[in-house]
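The values are calculated or read from the model by the stated rules, or taken from the named source; none is laboratory data. Quantities reported herein were computed from a predicted structural model and do not represent experimental measurements. Neighbour counts run over all protein chains shown; Cβ positions are idealised from the backbone, glycine included. Please note that ligands, DNA and RNA were not included when accessible areas were found on the heavy atoms of the full protein model with its side chains. Shrake-Rupley method; radii C 1.70, N 1.55, O 1.52, S 1.80 Å.
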Amino acid sequence: MTTPAATPAAQPVLRLSGITKRFGPLVANDGISLELAAGEVLALLGENGAGKSTLVSILFGHYVADEGQVEAFGRPLPPGRPRAALEAGIALVHQHFTLAENLSVLDNVMLGTEPLWRPWSRRAAARQRLQQTAQRFGLGVDADARVADLSVGERQRVEILKTLVRGARVLILDEPTAVLTPQESESLFATLRQLVAQGLSIVFISHKLDEVLRVSHRVAVLRGGRLVATRPAAGTTAAELAELMVGRSVQRPVRREVQGTGQGTGRGAGVGAGMGECVCALQAMGVRGADRRWRLQDVTLALHAGRIVGIAGVSGNGQQALADVLCGLQPADAGSVLLLQDGQARQPAARARDWVAAGVARIPEDRQGTGAVGDLALWENAISEHLASPAVARAGWLRRRAAQAHAQRIVREFDVRGTEARGLATVTRALSGGNLQKLILGRALLGDPARPARPRLIVAAQPTWGLDVGAVAEVHRRLLDAAAAGAAVLLISDDLDELFALADEIAVLHQGRLTPPRPAAQWTQTDIGLAMAGSLPAQAPEQAPRPTTRQGPPHAPPAA
């Protein structure tokens, strides 16, 4: 999608004037003023904790600004009234869809649009309105299809149609491509082009800078709660936006690839040019869900020291079950799961503590729900997976000073911020997403405080989901360094750029079945997108290029 020229309106459709919001001593928004024109795509960027979510919450009436005013279509928007924003034609499409999967498309679109006291539903009129809206904006959809049977891209189309049927004129899209295949992302961009051509205005929130520059007319950057810059997308570079977001030059770690003759991928001292020892092996492994249906079937995979294996797939195709099995949170219902050390294989018990003791570290997908206990202090979360370690507990008693010393080491080495006011006693839910992820990363990579050895296997599920460009670069560097030190890394990610940047091999999960891993160089984004949709054979092409052998340092700065 090439960036079209915006059609300026005589009066902005949305105007924010001097918005300030404080939470105690924290100033989340500091005098922010922004305007949005009709037919314009405005990208909103910022680090985690920069104030984007607070600003959107004020716009929707979830928060009330301490100072400033919001105007929609020339009229003041009453503060603290979400219904007022909806009635003004402002709609938010969340990253995680809010659809009833057991209902039809038509039922989902109608939910909440009819009064409870009406004795019958006007389905015929609703169907006609849905069809007219879909035709006007080029969003084809089967009104009678069950949402559970739709692809992720089709579900997102339904979410957008829900807002348009209700008369939305301003759409706020929160990380809209986070769970889409490349083909579905292209389809979304075509949809946005249609919406803009019809005069709708869009606020596009994303951390994918290349997409931002493709889609938007203007880019607004927040940093530390303040609006630090607005730029026209034309003529602006991703590097410039990244520097505006974090206040410094950002260079993502890049592996140096060198052609060689080994059969595998070398990565750092002790690994060499060949394949490292096998750390974990899955053989014909299967997992059933609570409904006894297979979540994973016939999964065979070997994870080797010093190598990163990437798992691609549309969210909900078995990634969570795979991560849970490899962290001891879910037993396998078929096949075998073996951890190996010095050539000796053992099948650990399905208890998370046994897997932690065996040197398995986890970076969970849901950092808020399962990665940390939000109401506990930072230092308590820092040692929560190592309470059996003699370094922090003895004879059933917690060694508070030692535990806090380990937590302080994580804060220092992984640059966990947001603890200035209360230090290690900071309640964990008060951390931004990026800082919480750095805390979890430090807990995983530093391992048991009683042992200097780093993890042998790292299971990283969506490790950079929702993080800003600076935090992403730091997470990538840490994972590459861990692999260089000899750890086997399983990287589960919806971000194909991330997989290509980090993984030695990539496999694709679709409906619980895993394709054989291929060297990353043998994949294209198009092929991965097709495999994610179940349309690509699992076998590698006959004339695929030879695997590359990577030598030298695990990461090197990109060429100037």
Could you tell me whether region 185-193 includes any residue that is acidic (D, E) and within 23 Å of N108 (Cβ to Cβ)?
no
Looking at region 27-38 only, could you name the residues that are open to solvent by 50 Å² or more (accessible area, probe 1.4 Å) and in contact (Cβ under 8 Å) with a residue 40 or more places away in the chain?
V27, D30, S33
Residues within region 508-560 that are at pLDDT below 85, open to solvent by 50 Å² or more (accessible area, probe 1.4 Å) and part of a strand (DSSP E or B), tallied
0
Of all residues in region 224-243, which are surrounded by fewer than 19 Cβ atoms within 10 Å (Cβ to Cβ) and not polar (S, T, N, Q)?
G224, R226, V228, A229, P232, A234, G235, A238, A239, E240, E243
Output the number of the condition that D504 fails; it satisfies all remaining conditions of (1) under 18 Å from A323 (Cβ atoms); (2) surrounded by 23 or more Cβ atoms within 10 Å (Cβ to Cβ); (3) more than 15 Å from the chain's Cα centre (by Cα).
(1)
Those helices (runs of 4 or more DSSP H) lying entirely in region 119-213 with at least 3 residues β-branched (V, I, T) and over 27 Å from A88 (Cα atoms):
none
Mind checking whether some residue in region 100-113 is at pLDDT 85 or above, open to solvent by 60 Å² or more (accessible area, probe 1.4 Å) and not hydrophobic (A, V, I, L, M, F, W, C)?
yes
Based on this model, can you work out whether Q368 counts as in a loop (DSSP other than H, G, I, E, B) and touching a Leu at 6+ places or on another chain (Cβ under 8 Å)?
yes
How about region 114-140: which of its residues are surrounded by 12 or more Cβ atoms within 10 Å (Cβ to Cβ), under 13 Å from L164 (Cα atoms) and not basic (K, R)?
A126, L130, Q131, T133, A134, F137, G138, L139
Looking at region 28-38, which of the residues that are part of a strand (DSSP E or B) and of a type in the set (A, V, I, L, M) is modelled with the lowest pLDDT?
A28
Suppose we keep only residues that are surrounded by fewer than 17 Cβ atoms within 10 Å (Cβ to Cβ) and of a type in the set (A, V, I, L, M, F, W, C) within region 280-298. Which one would you say is farthest from L326 (Cα to Cα)?
A290
On the basis of being farther than 30 Å from R288 by Cα, of a type outside the set (V, I, T) and buried (at least 24 other Cβ atoms within 10 Å of the Cβ), does L480 make the cut?
no
Where residues in region 39-92 are open to solvent by 20 Å² or more (accessible area, probe 1.4 Å), assigned to a strand (DSSP E or B) and not acidic (D, E), which of them is farthest from V246 (Cα to Cα)?
R75
Among the residues of region 423-433, is any of a type in the set (V, I, T) and part of a helix (DSSP H, G or I)?
yes
Pairs needed: first member in region 66-84, at positive phi; second member anywhere, surrounded by fewer than 17 Cβ atoms within 10 Å (Cβ to Cβ) and among the hydrophobic types (A, V, I, L, M, F, W, C); C-beta distance under 7 Å; at least 6 residues apart or different chains.
G80/V64
Being touching a strand residue (DSSP E or B) at 6+ places or on another chain (Cβ under 6 Å) and open to solvent by less than 50 Å² (accessible area, probe 1.4 Å) is the filter here; which residues of region 326-335 pass it?
L326, C327, A332, A334
Tell me yes or no: at least one residue of region 424-434 is buried (at least 16 other Cβ atoms within 10 Å of the Cβ) and without any contact (Cβ under 8 Å) to a residue 24 or more places away in the chain.
yes
